[in-house]
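I have placed the structure first, in the form of structure tokens, so that the comments after it can refer back to it.
The values are calculated or read from the model by the stated rules, or taken from the named source; none is laboratory data. Since we're looking at a predicted model, the values are computed, not measured. When we count neighbours, we look across all protein chains shown, and the Cβ atoms used for this are built from the backbone with ideal geometry, even at glycine. The area values use the complete protein model at the heavy-atom level, side chains included, leaving out ligands, DNA and RNA. Shrake-Rupley method; radii C 1.70, N 1.55, O 1.52, S 1.80 Å.
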Amino acid sequence: MKIIVINCGSSSIKYQLFDMEGPVIMAKGVVEKIGLNGSFIKHERDGQKVTLEGEIIDHQAGIEYMLGLLVSKEHGCIRDFSEINAVGHRVVHGGEKFKSSVLITDEVVNGIEACIQLAPLHNPPNLSGIYAMKSLLPDVPQVGTFDTAFHQSMPDRAFMYAIPYSLYKKYAIRRYGFHGTSHRYVSERACEILGKQRTGKIITCHLGNGASVAAIVNGKSVDTSMGLTPVEGLVMGTRCGDLDPGIMTYVMEREDINRTGINSLVNKHSGLLGISGVSSDMRELEEAAANGNERAQLALDMFHYRVRKYIGAYAAAMGGVDTVVFTGGIGENSDTSRYEIAKELDFIGLSFDKQKNAGVRGQEKIISTDASRVTAIIIPTNEELMIARDTAAIVG
Ligand code: ADP
């Protein structure tokens, strides 16, 4: 079975074509700068990479371009489109309606459209990808996998905000959480690697530009750090994470900025970038801190401290923890971050192994001591594979 996985952002489309026997990635790439000057597609097949420029005015044109490459003599890997059995789409917000991946029908499209209010920047491009695929490959089944779905198992005491209940009823204001596909993939993978005994209670730390932590009991998410929107929780590349809501109105008043301004402030100018004034990128911050930049060091300290606080909180919330998973660009690659986060967690039974951790990048590895009661493990995430598997299960 061959499945294309599509992840449409506002000006980009990431894609991977899987042959599910294996599974192997037959081709992958990204269309960038859609609707902007200088749009291009980066395409990779059999380790050969090409970058092709072209005028790509919208998502439909981008997907058409990508499909053309997949069947082209020079860069392709399939004879014709009849080889494509299904398309899996990443969809950011599924609200309370979607609790798992689903076959995309007209009713499902209506449901995703109804969630636009909750994710005005993300769901419209996701929908553009769905519309485009529907018109270009009308006979191929499509599946939607939602970032929010995995966290739909949270109990109300975890997902409710302590604001008037009527606001939940009126506008569905509650914690949804994101990165669900990643938290699900790495927690399931932890169970495969470590077995059930050590994975009843898992804390997964997805640490990338966007970052979130999830508490998972017997395979079900019971709490997560992102909320109604992805801005809550950890200190991120450019997002502030947890904040006293009073700060928002105070800053709006003092700086005379409106809701667009404050939204941009907490989403794009805060976090690691806002504190350091150097960069939102962990590698650049680590370098700046090593060269004595104190604000870069402060940003790092805040980032690590916030993750550690969440691990402690979720251990308390679950009444213990068996396994802590590190994933995402930072979790998978930054040995310093993993060390700074986990070095003082002996009190919850996690004895961190500095030697095992040192220098590990992008590979599955246990980084707690053999005697540690709690296992710490690095598991590189693979959201695309998870979407492909869900798609195969649904259409198969
Ligand atoms: P996104 O949320 O955009 O998917 P990623 O999961 O790719 O982000 O993570 C990006 C982050 O990972 C960046 O802050 C980057 O600096 C960090 N990162 C990637 N490689 C390394 C590395 N070798 N050491 C430290 N940080 C790294």
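In summary, the convex hull built on the alpha carbon positions of the chain has an orientation-averaged projected area of 20.8 nm².
An oblate overall shape is assigned to the stretch 280-396, the ratio a/c of its alpha-carbon gyration tensor axes (a ≥ b ≥ c) being 1.5 or greater and a/b not exceeding b/c.
Amide H to amide H, with H built 1.01 Å from N, residue 175 comes under 5 Å of 160, 161, counting only residues 5 or more places away or on other chains.
Build a GNM of the chain with springs between Cα atoms under 10 Å apart, and of 298, 207, 273 the one that fluctuates most is 298. Distance distribution P(r), the stretch 179-292, all Cα-Cα pairs, bin width 5 angstrom from 0: 2, 11, 17, 17, 15, 13, 12, 7, 4, 1, 1 percent. The GNM of the chain, with springs linking C-alpha atoms under 10 angstrom apart, assigns the highest mean-square fluctuation among 111, 35, 22 to 22. Taking the 0 to 90 degree range and rounding to the nearest ten, how far is the long axis of helix 59-71 tilted relative to the main principal axis of the chain, both from C-alpha atoms? Computed tilt is about 70 degrees. Here, the stretch 100-222 is characterised by an Rg to Rh ratio of 1.02, where Rg is the alpha-carbon radius of gyration and Rh the Kirkwood radius. Accessible surface area normalised per residue over the stretch 1-48 is 46 Å², counting heavy atoms of protein chains with a 1.4 Å rolling probe.
Comparing 42, 354, 169 in a Gaussian network model of the chain where C-alpha atoms under 10 Å apart are linked, the largest mean-square fluctuation is found at 169.
Please give the residues of the stretch 1-22, grouped as numeric ranges, whose backbone N is less than 17 Å from a label point set 7 Å along the Cα-to-Cβ vector of residue 58. In the stretch 1-22, the label zone of residue 58 (backbone N under 17 Å from the point 7 Å along Cα→Cβ) covers 8-13. For the cross-link pairs 196/354; 42/356; 28/134, the ones whose C-alpha atoms lie over 29 Å apart are 42/356. Helical content alone sets the calculated 222 nm signal of the chain at -11500 deg cm²/dmol, taking -39,500 (n - 2.57) per DSSP H segment of four or more residues and averaging over every residue.
Which residue, chosen from 329, 381, 368, occupies the Cα position most advanced towards the positive end of the dipole of the stretch 310-396, where the dipole is computed from +1 (Lys, Arg) and -1 (Asp, Glu) charges on Cβ about the Cα centre? Checked the options; the winner is 368.
For the chain, with all protein chains in place and a probe radius of 1.4 Å, 50% of the accessible heavy-atom surface sits on carbon or sulfur. By the rule of a C-alpha distance below 16 Å, with chain neighbours fewer than 8 residues away ignored, the lysines paired with residue 170 are 97. As a calculated quantity, the FRET efficiency between residue 290 and residue 121 at R0 = 35 Å, using C-beta atoms, amounts to about 0.50.
Take the alpha-carbon positions of the stretch 103-144, form their convex hull, and give its projected area averaged over all directions (one quarter of the hull surface) in nm².
Its average projected convex-hull area is 2.6 nm².
Just want to confirm a number: the relative contact order over the chain, from Cα pairs under 8 angstrom separated by 6+ residues, in percent.
Dividing the mean separation by the residue count of the chain yields 14 percent.
Between amide H atoms placed 1.01 Å from N, distances below 5 Å from residue 154 occur with no residue 5 or more places distant or on a separate chain. Counting only protein heavy atoms and a 1.4 Å probe, the stretch 214-343 has 47 square angstrom of accessible area per residue.
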